[in-house]
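Asks: Take a look at this one; I'll ask things after.
The values are calculated or read from the model by the stated rules, or taken from the named source; none is laboratory data. Predicted, not measured: the structure shown is a model, and the values here were computed from it. Don't worry about glycine lacking a Cβ; one is built from the backbone with ideal geometry, like all the others, and counts go over all protein chains shown. What goes into the accessible areas is simple: the full protein's heavy atoms, side chains included, and nothing from ligands, DNA or RNA. Shrake-Rupley method; radii C 1.70, N 1.55, O 1.52, S 1.80 Å.
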Amino acid sequence: MLILLPPSEGKADAGTGRKLDLDRLSLPALTTARREVLDALVALSAGPPEAALDALGLSAGQHGELRRNTRLTVAATAPAGRIYTGVLYEALDLATLPPTARRAADRQVLVSSGLWGAVRLTDRIPPYRCAIGARLPGPGALSAYWRRVLGPVLTEAAGTAPVLDLRSGAYAATWAPRGASAERVVTVRVLHEREVDGQPVRSVVSHFNKATKGRLVRDLLLADARPRTTDALVAAVRDLKYTVCEQPGAPGRPGQIDVVVSEL
């Protein structure tokens, strides 16, 4: 099974080890693209701050993020699993996973990134600020840039295994497989069910969407789930006592399940 996660805006303040070495990151087919985006981000961040803040979607008070970006090639790094610190990663709580589950996470999880394309939890990266919505001189709009690059790389990484795709928005658009590859993918939407005037009402949640997805991945890892098909993957989620509603899918497109929660 391959598990695709979004990154988080929340990141560790600093790395703790050696500086970045792009050649040591996983998915080496992305090295050239990563270098192009990295060089463009460093150059942009070192230039006129107003233009850089606008291109990166940052506010006027975030000049510190630009200064951090200018040092990406020399800054200390840490494993991506420690760099990302947002709600999803707090719920996943990698540090407390037992060794077997943590090794499974290191093998199975890929994190989407506007800067790196995709990284494994063990890849050493520095803290950075570069969302998928950024537009950089040279690469241009990163969502379109990575859409041109990631397809064959993620298709190869998935192989014939089922894919649990927990990305959303523009990150999900960077790899939207079709045909046989798509039919091995299951996307997840989290719905909150509550009672209104005596009737159950379901709505999409945001903050708790991330927390639920983090808990789901953690539970699958702790259960040592090893599904070989999408049907087995959905069954594994149900076996963990999640309320799952399968949505009808079209041939050649990813499947979708709704995970319904009543408590947030």
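Asks: Assign one of three labels to segment 154-215, namely rounded, prolate or oblate, based on the Cα gyration tensor with a ≥ b ≥ c the square roots of its eigenvalues; rounded applies when a/c is under 1.5, prolate when it is not and a/b is larger than b/c, and oblate otherwise.
Replies: In terms of gyration-tensor shape, prolate.
Asks: Dipole magnitude of the chain about its Cα centre, charges +1 at Lys/Arg Cβ and -1 at Asp/Glu Cβ only, in debye to the nearest 20?
Replies: For the chain, the charge dipole is close to 660 debye.
Asks: Below 8 Å, C-alpha to C-alpha, sequence gap of six or more: please give me the relative contact order for the chain in percent.
Replies: 23 percent
Asks: Taking all protein chains in place and a 1.4 Å probe, what share, in percent, of the accessible surface of the chain do carbon and sulfur account for?
Replies: Exposed carbon and sulfur together represent 50 percent of the surface.
Asks: Another question about this same structure. Once you order the gyration tensor axes a ≥ b ≥ c over the Cα atoms, which shape class does segment 1-45 get: rounded for a/c under 1.5, otherwise prolate or oblate by comparing a/b with b/c?
Replies: Rounded, since a/c falls under 1.5.
Asks: State the label only: which of [x] 40, 20, 16; [y] 32, 20, 19; [z] 35, 19, 17 corresponds to semi-axes √(5λ) of the Cα gyration tensor in Å computed from the shown model?
Replies: Here the calculated entry is [y].
Asks: At 18 angstrom or more along the helix axis (alpha-carbon based) and mean Kyte-Doolittle of 0.5 or higher, what helices does the chain contain? Whole DSSP H runs only.
Replies: Helices meeting the criterion: 31-46.
Asks: May I pose another question? Along the charge dipole of segment 138-201, Cβ charges K/R +1 and D/E -1, which of Leu191, Gly179, Leu150 sits furthest on the positive end?
Replies: Leu150
Asks: Can you work out ³J(HN,Hα) from phi for every residue in segment 73-83, in order, using Karplus 6.51 cos²θ - 1.76 cosθ + 1.60 and θ = phi - 60°, giving whole Hz and x for Gly and Pro?
Replies: Karplus values, whole Hz, x for Gly and Pro: 7, 10, 6, 5, 10, 8, x, 4, x, 9, 5.
Asks: A further question on this structure: Roughly speaking, what is the centre-to-centre gap between segment 171-245 and segment 54-109 when only Cα atoms are used, to the nearest Å?
Replies: 23 Å
Asks: Using a 1.4 angstrom probe and counting only protein chains, how large is the accessible area of Arg71 in Å², to 10?
Replies: About 130 Å², ignoring ligands and nucleic acids.
Asks: Whole number in Å², please: accessible area per residue of the chain, 1.4 Å probe, ligands, DNA and RNA not counted.
Replies: 47 Å²
Asks: Let me check against my output: what whole-number percent is the relative contact order of segment 86-157, with C-alpha pairs under 8 Å and at least 6 apart?
Replies: Over segment 86-157, the number comes to 19 percent.
Asks: At a probe size of 1.4 Å, how large is the accessible area of Glu65, to the nearest 10 Å²?
Replies: Probe radius 1.4 Å; accessible area of Glu65 about 40 Å².
Asks: Run the numbers on segment 85-235 and let me know its relative contact order in percent, using alpha-carbon pairs under 8 Å that are six or more apart.
Replies: Across segment 85-235, relative contact order equals 29 percent.
Asks: Within 12 Å, Cβ to Cβ, of Lys19, how many net charges do the neighbouring residues add up to if Lys/Arg are +1 and Asp/Glu are -1?
Replies: Cβ neighbours under 12 Å give a net charge of +3.
Asks: Mind grabbing the accessible area of Ile132 for me, 1.4 Å probe, Å², rounded to tens?
Replies: My reading of the accessible area for Ile132 is about 10 Å².
Asks: Can you count the Lys pairs in the chain whose Cα atoms are under 25 Å apart, with each pair 8 or more apart or on different chains?
Replies: The number of close lysine pairs in the chain is 5.
Asks: Rounded if a/c is under 1.5, else prolate if a/b beats b/c, else oblate: with a ≥ b ≥ c from the C-alpha gyration tensor eigenvalues square-rooted, which is segment 48-192?
Replies: Oblate, since a/c reaches 1.5 and b/c is not below a/b.
Asks: Related question: Please report, in debye to the nearest 20, how large the charge dipole of segment 159-264 is about its Cα centre when each Lys and Arg carries +1 at its beta carbon and each Asp and Glu carries -1 there.
Replies: Rounded to the nearest 20 debye, it is 380 debye.
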